[in-house]
């Protein structure tokens with residue numbers, strides 16, 4: 001089974017797989033109604049929802065040897081993002097999808113691009129995939145900017161969790 005490194009380092013960030021102790025800090029990542037409206041219907045997820053998310057991410061790591069990381073600032077150690085790959089079904093095909101979410105008070109600093117770029121490189125190196133995908137809600141302009149900055153190409157619009165999302169793909173280059 002291919003494996004991704006459990007730890008990733010960038011200039012400003014350090015990542016590792018999530019743990020139950022991260023739940024409170026992850027609540028802060030998703031405690032922004034404006035941005036999570038593109039991810040979840042209704043209110044931001046609460047601690048029980050985040051605990052389930054951590055358990056799902058942990059199970060994905062155990063089952064597949066890779067998954068989403070939690071990202072901490074090198075300076076200060078604050079948990080500021082959740083970003084990484086997961087196995088996803090797009091149509092009838094399995095694909096590796098990259099997700100990124102950054103705490104509201106840390107946005108517009110390039111952290112999503114920095115974390116996602118490291119995650120994508122790890123996928124190309126460790127999973128030997130030819131491409132990765134990303135889904136962005138059609139109204140989520142900030143995530144669209146991140147996808148463009150990462151070199152993704154739009155492939156169309158798909159329904160994801162009952163809402164239209166743009167399907168982006170980045171090929172190994």
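Observations on the model:
- Here the label points at residue 27 and residue 158, each 7 Å from Cα along the C-beta direction, are separated by 3.3 nm in the simple model.
- Rg/Rh, computed from the Cα trace of the range 1-100 with Rh as the Kirkwood radius, has the value 0.97.
- Relative contact order %, the chain, counting alpha carbon pairs below 8 Å whose residues are six or more apart: 20
- Only helical runs count toward this figure. For the chain, summing -39,500 (n - 2.57) over DSSP H runs of n ≥ 4 and dividing by all residues gives -9500 deg cm²/dmol at 222 nm.
- Pairwise FRET efficiency - residue 138 versus residue 9, Cβ, R0 = 30 Å, nearest 0.05: 0.35
- Length available on full extension from residue 171 to residue 58: 0.36 nm per residue minus the Cα-Cα distance, which gives 38.0 nm.
We did not get these values from a lab; they are worked out from the coordinates using the rules stated. It should be emphasised that the depicted structure is a prediction, and the values quoted were computed from it without experimental measurement. Glycine also receives a Cβ, built like all others from the backbone with ideal geometry; neighbour counts cover every protein chain displayed.
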